[in-house]
Number of protein chains: 2
Amino acid sequence: MQRLYPLPSTEVPLDQVYRDLGWPEPPPDRPFVALNMVTTVDGAAALDHQAQPIGSATDHRLMRCIRANADAVMIGAGTLRAESVDPSVPAAFEVERVQRGLQPQPLAIVVSASAELPLQRSFFHSPRFQRVVLTGPEAPEDRLRRLRPLAQVVVAGTGAFDLAAGLRRLRQQLGVRWLLAEGGPTLNAALLAAELLDELFWTVAPRLAGGQAPTMVAGPLLPAERQPRLILRSVHLQDSELYLRYQVGSAHHAPPAE
Amino acid sequence: MQRLYPLPSTEVPLDQVYRDLGWPEPPPDRPFVALNMVTTVDGAAALDHQAQPIGSATDHRLMRCIRANADAVMIGAGTLRAESVDPSVPAAFEVERVQRGLQPQPLAIVVSASAELPLQRSFFHSPRFQRVVLTGPEAPEDRLRRLRPLAQVVVAGTGAFDLAAGLRRLRQQLGVRWLLAEGGPTLNAALLAAELLDELFWTVAPRLAGGQAPTMVAGPLLPAERQPRLILRSVHLQDSELYLRYQVGSAHHAPPAE
């Protein structure tokens with residue numbers, strides 16, 4: 001794989017690209033939050049509701065490398081309903097994780113205010129990783145009762161689910177310092193609206209989908225002055241597929257748009 | 001500006017980046033068609049219906065450099081209705097264009113099957129460039145009569161407007177060899193559906209819009225095997241904004257998706 005940026009550009013082994021992300025110490029009250037997404041050039045983040053067919057095998061390998069840096073991998077309930085999800089990392093990463101002070105496998109976190117989840121899925125029965133369901137006070141108690149044998153349940157918010165409060169709980173109760181979000185677009189919008197995003201990994205698959213597909217973020221259009229500005233950290237390339245890493249800047253401290 | 005790809009990466013003066021695109025000879029029966037678009041990282045191609053606020057001043061300068069290579073600049077009626085459009089190139093490019101065998105200014109082409117266009121706009125009265133309205137047999141004759149003093153009218157299609165037939169007319173009647181499309185998403189979808197796209201210039205503005213915005217292509221989602229594969233030709237970078245150039249490959253000749 002070719003690293004194009006930062007310069008000088010150089011050939012790098014695929015396994016080294018996102019091997020050690022050098023994430024900074026997290027803020028005191030929540031985890032550092034990175035998001036990893038793949039889209040087509042025309043912005044499609046899912047085809048037939050699934051993100052997995054968009055990226056190449058290389059993208060899938062890099063996804064696992066990024067996961068290997070995180071205490072926990074977080075997805076929205078829609079993603080879990082739409083596709084097969086296994087957030088675990090290959091056994092080869094486990095020793096390295098432990099050496100870095102991480103658990104052998106990342107926690108698997110599902111966000112669902114209603115806690116209405118497909119409990120029959122293998123996701124809920126895998127012995128490879130531990131599960132957390134991040135939910136709100138609106139979730140009915142009988143659902144939580146069925147969930148508890150399969151996952152740790154964290155209820156966050158007063159009156160209604162509060163994602164920011166949920167991330168505080170992840171940090172304080174579960175010790176999650178580096179959190180990797182993997183979509184879908186609804187969860188991404190919630191992270192963006194609450195200004196909880198610190199970093200973005202974005203794979204650009206070299207194809208055009210044509211339209212009518214979910215995009216990376218499914219929220220309201222933000223006013224220009226509230227749109228986060230991004231700072232490009234690195235660019236990698238293989239077979240016309242681009243792997244981009246951005247730091248998410250504060251919209252408030254961004255230079256005005258031209 | 002930094003060229004990251006092709007290698008070796010190098011610093012290049014902005015004016016040289018897309019100065020001479022080296023476009024190939026067009027197919028015999030239509031122009032070579034390039035598309036130039038700007039989006040945010042999350043795929044928004046317009047904010048409040050306008051593309052111009054998304055890109056930086058650098059993007060706008062590169063847009064004019066690309067135009068300087070084309071016989072004609074083509075937009076959809078929706079783009080003309082939504083924002084101020086002036087497809088002309090700076091006077092400094094005119095001599096160079098003539099030396100390359102182009103007219104001093106590109107033709108300005110508006111695509112509108114209905115020919116319902118905002119004729120009061122300065123676009124229709126500028127002395128800087130010549131206008132063509134590409135329309136279909138469904139356009140009422142009284143509209144065409146009002147248009148003809150302001151633009152050359154080309155009617156294409158039998159029974160209904162046919163974009164492919166229109167591009168053949170542009171080549172055969174008006175001598176358009178290199179055509180630059182500049183959106184919007186509806187025209188892009190028509191070009192894609194008719195397999196008329198040869199090249200894509202894409203500026204990725206380093207920001208997140210949040211959602212609910214038009215994307216690059218507003219058509220039906222294509223089945224995976226009909227999605228055009230793209231071949232990355234070059235990557236330039238300035239101030240975290242990426243300028244990407246792709247060749248559009250045939251979906252039929254693409255390797256199978258993994």
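None of the figures in this text is laboratory data; all of them are computed from the coordinates on show. Since the model is a prediction, treat every value here as computed from it, not as a measurement. Note: ideal-geometry Cβ built from the backbone for every residue, glycine included; neighbour counts use all protein chains shown.
Observations on the model:
- Label spacing, shortest first and in nm, from B:Gln152 to its equivalents in the remaining copies (7 angstrom along Cα→Cβ): 7.1
- Among residues of chain B, the one whose Cβ lies closest to the rotation axis carrying chain B onto chain A, together with that distance rounded to whole Å, is B:Gly43, 1.
- Share antiparallel - DSSP beta bridges, segment A:30-220, percent rounded to 5: 5 percent
- Per-residue average of Cβ from other chains inside 10 Å of A:46-54: 2
- Between 0 and 90°, nearest 10: helix B:57-67 axis offset from chain B longest Cα axis: 60 degrees
- Residues A:Tyr243, B:Tyr5, sorted so that the one with the fewest Cβ neighbours within 10 Å comes first: B:Tyr5, A:Tyr243
- Rounded to the nearest 20 debye, dipole of chain B from Cβ charges on Lys, Arg, Asp, Glu: 620 debye
- At 7 Å out from Cα toward Cβ: B:Ile231 inter-copy label distances (nm, ascending): 3.8
- Antiparallel bridges, percent of DSSP beta bridges restricted to the protein assembly as shown (to nearest 5): 45 percent
- Interchain or long-range residues, amide H under 5 Å from B:Leu230's placed H: A:Arg207, B:Gly249
- Charged-residue dipole, Cβ positions (Lys, Arg, Asp, Glu), the protein assembly as shown about Cα centre, Debye nearest 20: 120 debye
- Sparse-neighbour loop sites [GluC sites (Glu not before Pro); segment A:64-133; at most 15 other C-beta within 10 Å; DSSP]: A:Glu116
- Shortest-first nm distances, B:Asp86 label point to equivalent points in other copies (7 Å, Cα→Cβ): 5.9
- Put in line by how crowded their Cβ is, counting other Cβ atoms within 10 Å and starting with the fewest, B:Asp239, B:Asp71 read B:Asp239, B:Asp71.
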